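Right, one structure below, let's go through it.
The values are calculated or read from the model by the stated rules, or taken from the named source; none is laboratory data. Everything numeric in this text was worked out from a predicted model, so none of it was measured. Cβ placement follows ideal geometry from the backbone for every residue including glycine, while neighbour counts extend to all protein chains displayed.
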Amino acid sequence: MGIASWNDITFDQPGYFYLLLLLIPAIVWYVLYHKKSHTTFQVSNTGVFASMSNSYKYYLRHLPPILRALIFVLLVMVLARPQSLDSWENTSVEGIDIMIATDISGSMLARDFDPDRLEASKEVAKEFIRGRSNDRIGLVVFSGESFTQCPLTTDHKVLLNLFSDIKSGMIKDGTAIGMGLASAVNRLKDSDAKSKVIILLTDGVNNSGAIAPITAAEIAEKFNIRVYTIGVGSTGTAPFPVQSPFGGVQYVDQEVEIDEEVLQQIAEMTNGAYFRATDNEKLKEVYAEIDQLEKSKIDVTEFSKKKEEFLPFAILAAFLLLIEVGLRNTILRAVP
């Protein structure tokens, strides 16, 4: 058991330190006694002693009383009850409410991401969720229409399981960006969180749904909901899944179309930001940037707990006592 830093040590009974004043008469007595305790005898010539050197016992003769004084000091410190303060921070979290609105249309199966856009988006989003334990997070999925896969929750294990279950084809195909955004807004509008955020991820152009994306953005703005939009897809062409005339699915290179202008407008209207992710690594960077932008607001209260620290001092005193007793009964036994 180590002794805490001196900066962290306090004494619960400091009055015992007055006992250290007893060392003053003890030291005076020892000095006077030591002067009178030497044996004297008369010689005609002291020259014979000039060439003699002092033995190691001569230098060690003061060590036992010094050790006894140190032992006394340590015992006084034990009586004074040394304590250390274990301080920590208890955080009262005002978390952020976040809805993730994810496009699950057929085009999200395009393989310009590994293994495809949807699976890559799911994996990166799940990592994002794991890193935000203090926040309530929910999930909306959209294609030709939208629905809430998971309402706002702090039970991230349930959310992650539901995230793993989403797949393209769960609902009719299409890209209803406005509906997806509106569903997410509906889940956040009554939230009391100081920060309300939507992460809207899509790879296409709005072509379905009864609500236009800009209309949904206006509603988000009224409820002070910030929207981060992510356009997913490489530049140029990408291998998209199409139905083969012989059954099954084949991949054909098609032009990547993302309505970046609308996504940028949604982000600007709600004080969010627009990001373009062209591959897996860029998508990870996008989520990492959003993570940095949306840090939980934390009120910190400091607490402290006293911890007794007398044991190291007592052990050291016992150790010095053993040394002192050993010296007096061995090599210094004959020394006055």
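One line per residue, one yes/no per condition, for (1) crowded, with 17+ Cβ neighbours inside 10 Å; (2) touching a helix residue (DSSP H, G or I) at 6+ places or on another chain (Cβ under 7 Å); (3) of a type in the set (S, T, N, Q); (4) modelled with pLDDT under 95:
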| site | (1), (2), (3), (4) |
| --- | --- |
| LYS172 | no, no, no, yes |
| GLY178 | yes, yes, no, no |
| VAL185 | yes, yes, no, no |
| SER195 | yes, no, yes, yes |
| ILE198 | yes, yes, no, no |
| LEU201 | yes, yes, no, no |
| ASN206 | yes, yes, yes, no |
**Asked** ALA273: in contact with a helix residue (DSSP H, G or I) (Cβ under 8 Å, 6 or more places away or on another chain), of a type outside the set (Val, Ile, Thr) and more than 18 Å from GLY138 (Cα to Cα), yes or no?
**Response** yes
In segment 244-269, anything closer than 30 Å to GLU221 by Cα and either in contact (Cβ under 8 Å) with a residue 60 or more places away in the chain or not assigned by TED's automatic domain parsing to the domain that holds LYS222 (or both) is listed as VAL256, ASP259, VAL262, LEU263, ILE266
Of those in segment 87-114 that are small (Gly, Ala, Ser) and surrounded by 15 or more Cβ atoms within 10 Å (Cβ to Cβ), the residue modelled with the lowest pLDDT is GLY95
Given the conditions (1) in the same structural domain as ILE225 (by TED's automatic domain parsing); (2) modelled with pLDDT under 85, every one holds for ALA273 apart from (2)
Condition set more than 34 Å from the chain's Cα centre (by Cα) and surrounded by fewer than 19 Cβ atoms within 10 Å (Cβ to Cβ), scope segment 209-233, selection farthest from GLY272 (Cα to Cα): answer is ALA210
Scanning segment 146-183 for residues that are touching a strand residue (DSSP E or B) at 6+ places or on another chain (Cβ under 6 Å), assigned to a helix (DSSP H, G or I) and more than 30 Å from GLY236 (Cβ to Cβ) gives LEU159, LEU162, SER183
For segment 186-218 the number of residues that are part of a helix (DSSP H, G or I) and touching a strand residue (DSSP E or B) at 6+ places or on another chain (Cβ under 6 Å) is 2
